[in-house]
Amino acid sequence: MAPSVKPARREREITLRFVAEPMDLNMYGNVHGGSVMKWIDQAGYACAAGWSGRPCVTVYVGGIRFVRPIPVGRLVEVHARLVHVGRTSMHVAIDVSSRDLQTRRCEATTHCVIVFVALDEAGRPVAVPAWKPKTARDRALSRHAARLMEFGRKSVPPPPAR
Ligand SMILES: CC(C)(COP(=O)(O)OP(=O)(O)OC[C@H]1O[C@@H](n2cnc3c(N)ncnc32)[C@H](O)[C@@H]1OP(=O)(O)O)[C@@H](O)C(=O)NCCC(=O)NCCS
């Protein structure tokens with residue numbers, strides 16, 4: 001009989017780490033903004049899909065701020081942390097930082113909040129496991145995410161009627 005494999009604990013945080021490569025460069029020698037957004041989506045997806053145990057889709061990205069550029073050769077860390085869970089949606093705060101591998105100096109480069117919706121087998125939104133903020137910092141992050149979502153909903157016009 002095959003040994004039983006215990007499922008790992010549900011994690012609310014995940015960090016992707018890798019070295020910024022020349023293929024990610026823009027014309028100024030730094031990492032392209034589009035590459036950073038792709039990494040944000042990947043880390044957010046891993047966090048949301050890991051939490052829900054479901055395939056997820058991105059429904060909203062809010063408050064993206066590019067604070068500093070990322071030069072090639074830096075160690076990039078993309079940290080994703082669940083900050084709010086609705087019925088079917090998960091709001092994930094993303095912090096991107098870059099580390100100089102020679103000096104080991106680390107600096108914050110980008111942050112945003114990204115919202116994923118979990119889908120069932122038919123591609124419809126499906127309920128996800130609950131999560132409530134416990135610490136003061138988590139409550140503050142959750143409020144920040146809620147404010148961004150309000151702004152997003154107000155600023156997006158409804159799709160045109162057909
Ligand atoms: C995600 C999708 C299935 C949701 O369908 P929908 O009919 O809007 O579903 P609902 O109205 O029930 O909303 C589902 C959840 O999304 C949330 N949501 C919808 N619009 C939102 C927005 N602008 N900001 C934050 N959350 C939003 C709702 O609040 C709801 O969350 P809750 O259940 O936790 O309260 C649909 O919008 C879709 O397919 N979008 C395209 C996704 C995509 O292609 N992404 C890019 C590639 S991954």
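The values are calculated or read from the model by the stated rules, or taken from the named source; none is laboratory data. In this text, all values refer to a predicted model and were calculated from it rather than measured experimentally. When we count neighbours, we look across all protein chains shown, and the Cβ atoms used for this are built from the backbone with ideal geometry, even at glycine.
Structure values in brief
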| item | result |
| --- | --- |
| Condition met for LEU25 (at pLDDT 95 or above and more than 13 Å from VAL117 (Cβ to Cβ)) | no |
| Given (1) crowded, with 17+ Cβ neighbours inside 10 Å; (2) over 16 Å from TYR45 (Cβ atoms); (3) of a type in the set (S, T, N, Q), index of the condition THR88 fails | (2) |
| Filtered residue count, the stretch 21-53, keeping only those that are within 27 Å of ASP120 (Cβ to Cβ), away from the ligand (no atom under 12 Å from the Cβ) and of a type in the set (Phe, Trp, Tyr) | 1 |
| Within the stretch 81-139, tally of residues that are without any contact (Cβ under 8 Å) to a residue 40 or more places away in the chain, in contact with a Gly (Cβ under 9 Å, 6 or more places away or on another chain) and within 11 Å of the ligand (Cβ to nearest atom) | 0 |
| Set PRO71, PRO133, PRO157: member being at pLDDT below 95, within 30 Å of PRO22 (Cα to Cα) and more than 16 Å from the chain's Cα centre (by Cα) | PRO71 |
